[in-house]
Structures are given as C-alpha cells and as structure tokens.
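Engineer: This is the structure I want to talk about, given as structure tokens.
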Amino acid sequence: MGHVEDATHRNRLAAETSPYLQQHAANPVDWYPWGEEAFRVAREQDKPVLLSVGYSACHWCHVMAHESFEDPAVARVMNELFVNVKVDREERPDVDQIYQAAHQLFNQGAGGWPLTAFLTPDQMPFFVGTYFPKTARYGRPGFVDLLRRIAEVYRESRADIARQNEAVREALARMRPAEAPPREAFSRAPLADAVTALARAFDDVHGGFGGAPKFPHATDLELLLREHAREGTAEPLRMAVLTLERMAEGGLYDQLGGGFARYSVDERWLIPHFEKMLYDNGPLLALYADAWRATREALFARVAEETAGWAMREMQSPEGGYYSSLDADSEGEEGKFYVWTRAGVQSVLTRDEYAVAAPHFGLDGAANFEGEHWHLHVAKPLAEVAAGLGIAPEEASRRLASARAKLFAERERRIRPGRDEKVLASWNALMARGMLRAGTAFGRRDWIESARRALAFLRGTLWKGGRLFATYKDGRAHLNAYLDDYAFLLDALLEAMQAEFRQDDLDWARELAEVLLARFEDRAAGGFYFTSDDHERLIQRPKPGHDNATPSGNGVAAFALQRLGHLVGEPRYLEAAARAIGAFYPAMRRYPGGFATLLMALEEYLSPPRVLVLRGPEHELAAWRRSLDQAYRPDLVTLAIPAGAAGLPPALDKPVRPGQVNAWLCEGVTCSAPVASPAELERLLNQGRIE
C-alpha cells in the first residue's frame, strides 16, 4: 500500500488486531471498526453508513485504498457525508456474509472484495457494490460522484429506502432452507446428480471446472475421489487426477516454494492471482495426500511435501498457530516476488542447469506475465527435456533440482509480500487437518507435530471457559467464534485421533460438539446457524449450506458430528447431523452443485463409516498402521488405542489381550470378530461391508 500525506494521523483502527484494519489506521478517513459506536453516531448525526469490507491479501482492496482512502480530498467527502466503517471479512465473516447476500439481491450476481455497501443507521443496506475507481472507468462510476449521489438519495428518498428495506428483510429471510423432507426420502440421487453436473462443467484439456477465472474447488475434487472409491468408477478419478496434475504443473502452484495461490486468472492455471491463503492450502494438502493414496503418483507426493514445507517454513508462528495469508503484492506490484526475467534466471544458473530449466519452465518461449516477465510453470515434461538434450532422465532431474534450489535461494533475497499474521481458529483447523492427513499418509512425524502445535495453540489461547474465540494476534484473542470455527476444529480433532490417539482430543471434540448443539443448532428446522445464540444481533442470522472458498460449516458439522456419534455411541450427535442434512436436502436435490461437503455427509448418513479400532501395546500398533495409513479408504475411521488408555466410551473400550494387537471393524452397531494379524485385517477390509 502507498503512504498517506499525513502519516502522523491515526484513526480508530490503530487499536484493532486485524492487520487489514491496521493498514488503514493512517488513512485520512475517519474509520470506525464495526460496532455499536459507529451506528450510534450515525443515528445521532442522521448519516448513512459507508461499509467497506476487504482483507489484507486482496489486490483490488489495496487499489481502492490507494486511489481513494489515502486521498485527503476523497476522505473529506466520506467524512462529511457518511459514518465510515471498515471490516476485515476474515475476522467478521458474519458481517461479510450478510452484505454479500445483499449484493446478490441488489445486483443479481456474486459480489467480492472490496465490498462497498451503504447502510441506514439500523444496518439495513440500500446500495451495494464492490470496487469503485476514484474517477469513472471500467464502466463504473467515479467514487466521489457515487458518494454524493448516495448521500442525496438518503436525504431525499427515505420512504423509498424504508420500503426497499422491508423487501430486503423478507428476501434475506427467504434465503433460509425450505422445510425438510422425511428421512426415508433421502437417496443417493443428489450425489449422482452432482457428479454428472461436474462432468458437464469439466475442462477436458486443462482440468478444473468452467472457464476463467478458475478456482481449485477442493471440496468438489474430494467428492470425486470419494465417488471413485465407493463406486469403483473411473471417470470421477480421471477428472480429479487430471485437475490435480494440471494445477500442480501450472502457475497456480509455486514451482519453487510450494503452496497454491488463490485462483488462476486464465483457464490453463497459468497466471494466478498471487495471494496464498491458508484456507486453500490446508484442504489441498489433504487432497493431494488422498490422491497419492489413490494413485501412487509421484507428482502428488512431491506437491504434498513442498506444500507442507511451505506451511511450516512461512506460515507457522513461533507460538504454534498458522498465519492467515501472504499478499499478492510486494513493492506495490502484484506478483513481483514470484516472476522472473530470462536474464535473471541465466545469471543464477549454470549453462547445464539452464538448458534443463528453460524448456521445462517455459523460459524458451514468449514471456507470459505483463510483457517481459515469466511466471514459472511446467511447459514441457522433464522426460521430454531430457530426450531433447540427449541426457539421462536422472541427470535432467539432478540439474532441475539444483536449478530450483538456486532460484529459490535467489528469490528469498527479494522483498517479500506482506503476511497477515493473525491466527484464525477455522483456518488453522483446515491447515491442521491437512497436515495431519498428509502426515499420516506419508508417515511424516514432523507434519503431524506441526499440526499438534497449532491445535495446542488454539486450545491454549482461543479456548476459554468452554467457548472458542475466532481470532488471535499480538497476545489478544477476541471475537465470539463462528460455526466454521467449531465445525472445522471438531473435524481436525477427528483427524488428530486417527494420526495418534489421545484422550484429550476426544474430550475436546465432545465439548465442541456440545457447544454446536447448544448454541448453534436450529432445533426446529435443522441445521446450524453461522453465529451462536448469544452472538451480537445483526439484521440476519445466516444458516449457509453451500461450499464457498472454504467448506460449508453446516456440511463439516454434519460430517464430523456423524463420525463422532459413531465413535462414541452418542445418538444426539447423529440426530443433529441428520437434521442438518434434512434441512438442506431439498436444495441439494434441486441444485446439487456447490453442496459437495453436505453431499459427503449425506453419503455417510446413507452408508455409515466403518470404524476400525486397534488395541494393543503402543510399540506394536505402528507396524499395523503402516499399510493401513497408505491406503485410500475414505469411509474408514481408524483409531489405534494403546493398552492402558482409560476413560474410553464403551464403543471404543475394546478388550486388550496381553502382548498382542487385536482389531475390531465396526459398521454402525455391528462389529466383526476380533482380528489378530495384519494380513487377516487386510482381507476383511477388502471384502466389502459387513453383512
């Protein structure tokens, strides 16, 4: 971001924990954080509220800030006509959801960031848009002209605004799910329809779904992998594998440092929007580990290793929590940290290294980023490069590894993009789950320990008095946690128990489940509200079901509660999950696209997961786990519980025989006879469901 003229001026945002809000603390705009004070002032001064929502890694948020919010002349107009409120959508997704929904109502299309909304002092929106340039361009009005026009409408058209507000209230209320059908009506039809819809939208050349811009859609890819595992059909696996290959070979993936950018601006995964978000990389890490389990493709193992390495190297705080994001921009330019000139690469590498790296990464072709720069991607497979040079594949691989290491070291000397160092409970849970799932698949204790450090940090700093806080920075945890925080953390703890069983994880999981049922569930209609029953009152209490950039909180809650219910034999958890699935079932039946997480919960409602309990001496359990952990069995929950574990629920408290491991495979309330050898267990797992 640029510099304001009066750097000594500090507005109310200086006291906030959000790095995004702090970026605007020196603006000449008289910003308020979201809260009662801003709306009280608006009522007293009879002014509308200008609400600006963004996040620290958002490129167009920076553009609008530099053009308008740092300009004293624009700020004077804003301060004269409005009470100005700045919100970090990552800390206040509850506020963001409501006004993104309003944008959809007003404009019949998706919103985005920056979100610019004009509200009455009772928080009702009467005009909503996204980015506005300071002067008219891109087919958008100039921001100052818009400000004056909106203020005039507020002064002169109160009755019209009041009528519109009533219509908006009614429309927001209608966004709640319709009445649920009886559970006997549940079927696999929405799952089949979703796979069919994905096949129709599939890009057979580049992978992924639809055209530009192209997003990873990790939940859809996970649904396809699970569909293949359940039905044995080839097409879902082909779609998932092709997409994961193309993403890993493209510029969406950081070819030197690991980790994925938010999305690709083209359909080929070539040029990304360069910010790296924790919430993308956690699910993608889990997904690449699962894809490796399903295919044994070496590329997927390398991507998992490099992405886990990036997360520990660049995103984990000394305290243990994972930071939120890396900016797209450095030195005021998007992508500057990541792109290269041809001469810059040549100056770092030997002639032999460059002979391999240039064709592999596309440096022997035309520049692909803003005229004179190259963003690295796999332009030619290494085997082809080796054949063209007449060298052995092993030699080409050695040269490429050396080239990548040198380019990475050179890049590390550059001015880095900004890092948003707040720690969010929900995003940490997503990354911890990814590290645990990948660590289990590849036998990487360091990845598992990284996740455990993050979970311990969350428990030590964000879990107080039996409730979660949403965010932490600079020694301060605050903001009442949301559905996603509880649901994602519950899901991560289930993964932690499978990586390494600890009674504390089970106890905490049950506490989280109890809060979900007590504070978030809609007992009458089913499903979970995004905010707790004692949350700040807003104009809507959303109950979202769709996956967005992150998985659906309702979907993850239903999925995790079902699994926990089967593990501990608690019917209340199973009933709450079934009610949530029922609440969204009519919508899934009509339009299954975007419901992948809830569809996975529906799948496990119809065919409950198999629970494998191993009991025996701790040193003996590891040998049993090795082959189990590397197999792709998404319907299997494996708990290796050492002899001597105390306080287990009856469903897990299987008898221990001295000196040996025994395994019990259960489905619902039916369990097999105990198995005493790994080979016998493999046969049992491969023969299908227990009759």
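The values are calculated or read from the model by the stated rules, or taken from the named source; none is laboratory data. Model, not experiment: these values are computed from the prediction. Methodologically, a virtual Cβ is constructed for each residue, glycine included, from the backbone with ideal geometry; neighbour enumeration extends over all protein chains shown. In case anyone asks, the SASA skips ligands and DNA or RNA and just uses the protein heavy atoms, side chains included. Shrake-Rupley method; radii C 1.70, N 1.55, O 1.52, S 1.80 Å.
Engineer: Over the C-alpha atoms of segment 567-691, what are the Rg and the largest Cα-to-Cα span, Dmax, in Å?
Structural biologist: 16.8, 55
Engineer: Return the long-range amide H neighbours of residue 637 (sequence gap of 5 or more, or a different chain), with a cut-off of under 5 Å between placed amide H atoms.
Structural biologist: Distant-sequence amide H within range of residue 637: 610, 611, 612.
Engineer: Here's a follow-up. Give me, ordered by chain and number, the residues 5 or more places off residue 522 or on other chains with an amide H under 5 Å from its own placed amide H.
Structural biologist: 527, 528, 529
Engineer: About its Cα centre, what dipole magnitude does the chain give when the only charges are +1 on Lys and Arg Cβ and -1 on Asp and Glu Cβ, stated in debye to the nearest 20? Intermediate values should be presented prior to the final figure.
Structural biologist: On the way: 81 positive and 96 negative charges, 117 e Å.
Dipole size: approximately 560 debye.
Engineer: Starting from the Cα-Cα distance between residue 41 and residue 173, subtract it from 0.36 nm times their residue separation and give me the gain in nm to one decimal.
Structural biologist: On the way: separation 132, 0.36 × 132 = 47.52 nm, distance 2.77 nm.
The residue 41-residue 173 span can extend by a further 44.7 nm.
Engineer: Here's another thing I want to ask about it. Taking Cα extents along the principal axes in Å straight from the coordinates, which label in [x] 79, 69, 47; [y] 99, 57, 48; [z] 104, 71, 47 is the correct one?
Structural biologist: Of the labelled values, this structure produces [x].
Engineer: Working out 0.36 nm times the residue gap between residue 686 and residue 343, then minus their Cα-Cα distance, what length gain in nm do you get to one decimal?
Structural biologist: 117.9 nm
Engineer: Computed FRET efficiency, Cβ-Cβ of residue 536 and residue 163, R0 30 Å: what is it to the nearest 0.05? Write out the running numbers ahead of the final one.
Structural biologist: On the way: r = 27 Å, r/R0 = 0.89.
Efficiency at R0 = 30 Å is approximately 0.65.
Engineer: I've got another one for you. Tell me, how many Å apart are the Cα centres for segment 39-70 and for segment 17-31?
Structural biologist: Value for the Cα centre distance between the two parts: 10 Å.
Engineer: Quick check: pseudo-label points 7 Å beyond the Cα along Cα→Cβ at residue 633 and residue 187, how many nm apart are they?
Structural biologist: For residue 633 paired with residue 187, the spin-label model returns 3.1 nm.
Engineer: When the accessible area of the chain is computed with all protein chains present and a 1.4 Å probe, what percentage of it is carbon and sulfur?
Structural biologist: 50 percent
Engineer: Extending each Cα 7 Å along its Cβ direction at residue 351 and residue 317, get the distance between those two points in nm, one decimal.
Structural biologist: The answer from the label model is 5.1 nm.
Engineer: Whole-Hz ³J(HN,Hα) for each residue in segment 54-62, computed from phi via Karplus 6.51 cos²θ - 1.76 cosθ + 1.60 with θ = phi - 60°, x for glycine and proline: what do you get?
Structural biologist: Karplus values, whole Hz, x for Gly and Pro: x, 7, 5, 8, 8, 4, 6, 5, 5.
Engineer: Going toward the positive end of the dipole of the chain, with +1 on Lys and Arg Cβ and -1 on Asp and Glu Cβ, which of 496, 212, 451 do you reach last?
Structural biologist: Highest projection toward the positive end goes to 496.
Engineer: A further question on this structure: By how many nm would the segment from residue 122 to residue 394 grow when fully extended, if each residue of separation counts as 0.36 nm and the alpha-carbon distance is taken off?
Structural biologist: Details: separation 272, 0.36 × 272 = 97.92 nm, distance 6.73 nm.
So the chain would gain 91.2 nm between residue 122 and residue 394.
Engineer: Pop the C-beta distance of residue 384 and residue 212 into the FRET formula with R0 = 25 Å and round what comes out to the nearest 0.05. Write out the running numbers ahead of the final one.
Structural biologist: Working: r = 27 Å, r/R0 = 1.07.
After rounding to 0.05, the efficiency reads 0.40.
Engineer: Given Cβ point charges of +1 (Lys, Arg) and -1 (Asp, Glu) and nothing else, what value in debye, to the nearest 20, does the dipole of segment 193-286 about its Cα centre take?
Structural biologist: Numbers: 9 positive and 15 negative charges, 21 e Å.
In debye, rounded to 20, segment 193-286 gives about 100.
Engineer: Run the dipole for segment 1-160 about the Cα centre, Lys and Arg Cβ at +1, Asp and Glu Cβ at -1, nothing else charged, and hand back the magnitude in debye, nearest 20. If you can, show how the numbers build up before the last one.
Structural biologist: On the way: 16 positive and 22 negative charges, 66 e Å.
In total the dipole reaches around 320 debye.
Engineer: Please list, ordered by chain and number, the residues whose modelled amide H lies under 5 Å from the amide H of residue 643; skip anything fewer than 5 residues away on the same chain.
Structural biologist: For residue 643, whose amide H was placed from the backbone, the distant partners under 5 Å are 616, 618.
Engineer: Pairs to check: 276/473; 134/543; 406/473. Give those whose C-alpha atoms are more than 25 Å from each other in this structure. Spell out each step's value before the answer.
Structural biologist: Values: 276/473 19 Å; 134/543 36 Å; 406/473 34 Å.
Cα-Cα > 25 Å for 134/543; 406/473; rest within.
Engineer: Right, here's the next one. Calculate, for residue 267 and residue 525, the FRET efficiency according to 1/(1 + (r/R0)^6) with r their C-beta to C-beta distance and R0 35 Å; round to the nearest 0.05. Write out the running numbers ahead of the final one.
Structural biologist: On the way: r = 40 Å, r/R0 = 1.14.
So the FRET efficiency works out to roughly 0.30.
Engineer: Calculate the length of the line joining the C-alpha centroid of segment 629-655 to that of segment 87-125, in whole Å.
Structural biologist: First find each Cα centre; the distance between them is then 44 Å.
Engineer: So how far apart, in nm, are the two label points at residue 9 and residue 671 if each is 7 Å from Cα heading toward Cβ?
Structural biologist: 6.9 nm
Engineer: Sticking with this structure for a sec: Please calculate the 1.4 Å probe accessible area of residue 256, with all protein chains present, and give it to the nearest 10 Å².
Structural biologist: Roll a 1.4 Å probe over it and residue 256 shows about 20 Å².
Engineer: Tell me the per residue accessible area of the chain using a 1.4 Å probe; a whole number in Å² is fine. Each step should come with its number before you reach the end.
Structural biologist: Working: 26580 Å² over 691 residues.
With all protein chains present, the chain gives 38 Å² per residue.
Engineer: Determine which residues of segment 633-655 fall in the zone a paramagnetic label at residue 449 would reach in this model, i.e. backbone nitrogen under 16 Å from the point 7 Å along Cα→Cβ.
Structural biologist: Counting backbone N atoms under 16 Å from the label point, the list is empty.
Engineer: Next question, about the same structure. Would you list 219, 670 from the most to the least accessible area, probe 1.4 Å? All intermediate terms of the calculation are to be shown ahead of the outcome.
Structural biologist: Values: 219 20, 670 60 Å².
Output order, biggest surface exposure first: 670, 219.
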